[in-house]
Amino acid sequence: MPLTLADCIQRDAHAPGQTSWAKAGDGFDPGTPGTLYFDANSIGPMPRTAPLKMQMVLQGGWAQARRRSWNELDWLDQPRTLGAAIAHLIGADTQDVRVTDTTSVNQYKLLRYALRISAPRRVIVLERQVFPSNRYVAEGIARDHLAELRFINDVSDLPEALAPGDVAVVALSHVDYRSSARLDMAGLNQCIRAAGAMSLWDLSHSAGAVAIALRDSHADLAVGCGYKYLCGGPGAPAFMYVHPRWSDAAWPAIAGWMGHADTFAFEADYRPGAGADRFLVGTPAVLANAAFSAAADLWRAVDPVELDQRHCSLTDTLIQLFDEQCAAWPLRLASPRNHAQRGGHVAWQFDGASALAQALVDKGVVVSSRKPDALRWGVHPLTTTHQQLWTAVQVLRQLLESGSWQDPRFARPMV
Ligand SMILES: *Cc1c(COP(=O)(O)O)cnc(C)c1O
């Protein structure tokens, strides 16, 4: 029996976390009426309290308290407190996570840190088709003769890449930004550690969507995006994780005053701060952190196991609806069918994905596409409902049936 609208409503009523997160779901701005958002892989929904939090910093902090804010408000602590608020989502201890800078900058900091610790090993292993910024950052380090790069086509080539015994760090995306394929973090960490190398994970497409076990899987280092599933706001600071066994192992690559052991002693020489504090560089982005803190307040109450189960129920439902409603059209599931092997979004291959995505956006179903032919549906476990999925797939089906997605106005490229 194909899934019906009534089934979807039923699934919403019984979804994991429903009682605890009916509240959290209400904690978000619904956006434009009549619009359905499947773009959490690009920018997560806005917590309702974000404008108020920012307004308080602007008025109470900047306009009124001014210089006293540095002492009286929590501005300098936020990289730590925000990190602690999301640590459970990535399976980390609260003191091992910081919210700061961007994913790319943190990637640079931690690649360099791994190279320092692992010297004289100097090889960085990367997947050839990794998210471009991750590759560019590594290329820049190699250009300064600080490392050599070794590319693998996929992780099945990893044992061979590790075999020479010269690998310092293996930098992997936990979830592929196009296909949403999720890697086996525990298994790969074991293989990397056995070869005497370190792991650096990019969690941009998994953090806030599915359960992650950094500590239990013995991951060494991790970074991830703050503005996607974590809902930290446009251009939100990213997060970084350092396993405690490494946190006092070397100087950070960028030694700044916020990472000094005693910032306000204004000592002449640098002394690295304790643990992950040393990876802070300059003054925190106070306004951006105010927006992030609205999301942090919601995340504190979320159980990561229920989050994962709810995301599973939603994305399995989406795949089932595609299978049942859109079988007549050449949409091919590009993501793994098994939730344990998928990240935050679900992707389909479709010849004309960009035009179809734009036609969907035009009808109020906000999805995205990636070259050459991926149609991506970013499902947010705190705000997406099964009923929304039903409605969106009906819109998709109508576009395919009528062929109106082939209108020339949907032919321009889309970000
Ligand atoms: C979105 C994303 C980033 C973001 O990097 P920024 O430096 O924060 O802009 C990094 N890595 C991956 C895999 C991403 O998807």
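The values are calculated or read from the model by the stated rules, or taken from the named source; none is laboratory data. Computed from a predicted model, the values in this text were never measured in an experiment. When we count neighbours, we look across all protein chains shown, and the Cβ atoms used for this are built from the backbone with ideal geometry, even at glycine. Note: areas computed on protein heavy atoms with side chains; ligands, DNA, RNA excluded. Shrake-Rupley method; radii C 1.70, N 1.55, O 1.52, S 1.80 Å.
Tabulated data
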{"quantity": "Amide H partners (placed H, <5 Å) of residue 333, local residues excluded", "calculated": "349"}
{"quantity": "Listed residues 320, 330, 302: farthest to the positive end of the dipole of the stretch 297-415 (Cβ charges)", "calculated": "330"}
{"quantity": "Mean shadow area of the stretch 162-294 over all directions, Cα convex hull, nm²", "calculated": "9.7"}
{"quantity": "Nearest-10 value in Å² for the accessible area of residue 262, using the 1.4 Å probe", "calculated": "70"}
{"quantity": "The chain: most fluctuating residue of 346, 367, 281 per GNM, C-alpha cutoff 10 Å", "calculated": "281"}
{"quantity": "Those lysines that a straight Cα-Cα span of less than 25 Å connects to residue 363, excepting residues fewer than 8 apart in one chain", "calculated": "228, 371"}
{"quantity": "For the stretch 407-415, 3J(HN,Hα) per residue [Karplus equation, 6.51 cos²θ - 1.76 cosθ + 1.60, θ = phi - 60°, Hz, x = Gly/Pro]", "calculated": "4, x, 5, 9, 8, 6, x, 10, 6"}
{"quantity": "Farthest positive-ward along the stretch 295-415 dipole, Cα basis, beta-carbon charges - from 353, 396, 377", "calculated": "353"}
{"quantity": "Mean separation of Cα contacts under 8 Å, 6 or more apart, over the residue count of the chain: relative contact order %", "calculated": "22"}
{"quantity": "Angstrom value of the Kirkwood radius, inverse mean 1/r, which spans all Cα pairs in the stretch 29-164", "calculated": "19.0"}
{"quantity": "Distant-in-sequence amide H partners of residue 39 (H built 1.01 Å from N, under 5 Å)", "calculated": "378"}
{"quantity": "Amide H contacts under 5 Å for residue 238, placed H, 5+ residues apart", "calculated": "100, 101, 102, 103, 226"}
{"quantity": "For the stretch 242-375, convex hull volume per residue from C-alpha positions, Å³", "calculated": "198"}
{"quantity": "Directionally averaged projected area (convex hull, Cα atoms, the stretch 113-152), nm²", "calculated": "2.7"}
{"quantity": "Convex hull projection area averaged over all views, the stretch 186-229, Cα basis, nm²", "calculated": "2.9"}
{"quantity": "Within the stretch 286-415: Cβ-based charge dipole about Cα centre, in debye rounded to nearest 20 (Lys, Arg +1; Asp, Glu -1)", "calculated": "340"}
{"quantity": "Share of pairwise Cα separations in the chain, more than 39 Å, in percent", "calculated": "21"}
{"quantity": "Segment residue 139-residue 64, extension gain: residue separation times 0.36 nm, minus the distance between their alpha carbons", "calculated": "22.4 nm"}
{"quantity": "Span-like helix ranges in the chain, DSSP H, alpha carbon extent 18 angstrom or more, Kyte mean at least -0.5", "calculated": "103-118, 286-299, 304-325, 386-402"}
